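Structure first, commentary second.
The values are calculated or read from the model by the stated rules, or taken from the named source; none is laboratory data. Keep in mind it's a predicted model, so treat the numbers as computed, not measured. Glycine gets a Cβ as well: all are built from the backbone with ideal geometry, and neighbour counts include every protein chain shown.
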Amino acid sequence: MNYSIRLSTEEDYPQILAFIKELALFEKAPDKVLNTVEFMKQEKHLFGCYVAVSETEEIIGIALYFFAYFTWVGKSLYLDDLYVTPEYRNMGIGNELLNHIFKLAKDENCRRLRWQVINWNTKAIELYKKVGATIDEEWTNCDFDYEQIKKF
């Protein structure tokens, strides 16, 4: 299967958001996605995204990221979503998207590359271990959603 990987454009946002929603459904949290294409356009300076594109120009995978600053190490890259459509999995596309993320982190002199994986997604965990990631089972996420922030 021939495909290419490129940086996303605003025209890709509807498909990127559709993949974000598919991933949220897979993670049993579809109601948590509050993002919109309009928000993405307004906030495009805050994130980047690589898209895997088929020969027919169909987007078949994404790697959405943003830069972060972690006090222990400094400048970092955070991979927020890595998603490949089910029919294109096990073809190396996820690996290739990860390669682009690793290259970006290296080119940008990041001192850490971080992402999360839900603890029951064994296929993803296997892939991440295969590429050499350290899977941390000690830290717990703490979140405030939009309404909680407003009420605080």
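Quick look at the values:
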read-out	value
Among the residues listed as K130, K75, K151, the single one being surrounded by 11 or more Cβ atoms within 10 Å (Cβ to Cβ) and farther than 27 Å from Q15 by Cβ	K75
First in the range 19-34 and part of a helix (DSSP H, G or I), second anywhere and among the aromatic types (F, W, Y), Cβ under 6 Å, 6 or more apart	F19/Y83; L23/Y83
Any hit, the range 105-117, residues being touching a strand residue (DSSP E or B) at 6+ places or on another chain (Cβ under 8 Å) and farther than 22 Å from L46 by Cα	no
Single residue of the range 1-33 satisfying the filter (more than 16 Å from the chain's Cα centre (by Cα) and acidic (D, E)) that is modelled with the lowest pLDDT	D31
Every pair of residues 6+ apart whose Cβ atoms lie under 6 Å, when the first sits in the range 93-110 and is in contact (Cβ under 8 Å) with a residue 40 or more places away in the chain while the second is polar (S, T, N, Q) and surrounded by 15 or more Cβ atoms within 10 Å (Cβ to Cβ)	C110/S76
Test: residue in the range 64-71 that is closer than 17 Å to Q15 by Cα and either surrounded by 11 or more Cβ atoms within 10 Å (Cβ to Cβ) or within 14 Å of the chain's Cα centre (by Cα) (or both)	yes
Candidate set: the range 7-31, residues that are of a type in the set (D, E, K, R) and surrounded by 12 or more Cβ atoms within 10 Å (Cβ to Cβ); chosen: the one nearest to E87 (Cα to Cα)	E22
Search result, residues across the range 86-107 that are buried (at least 17 other Cβ atoms within 10 Å of the Cβ) and either in contact with a Gly (Cβ under 7 Å, 6 or more places away or on another chain) or under 22 Å from L25 (Cβ atoms) (or both)	Y88, I93, G94, L97
Strands (runs of 3 or more DSSP E) within the range 35-152 that include 3 or more residues of a type outside the set (V, I, T) and out of contact with any helix residue (DSSP H, G or I) (no Cβ under 7 Å at 6 or more places or on another chain)	59-70, 74-84, 112-115
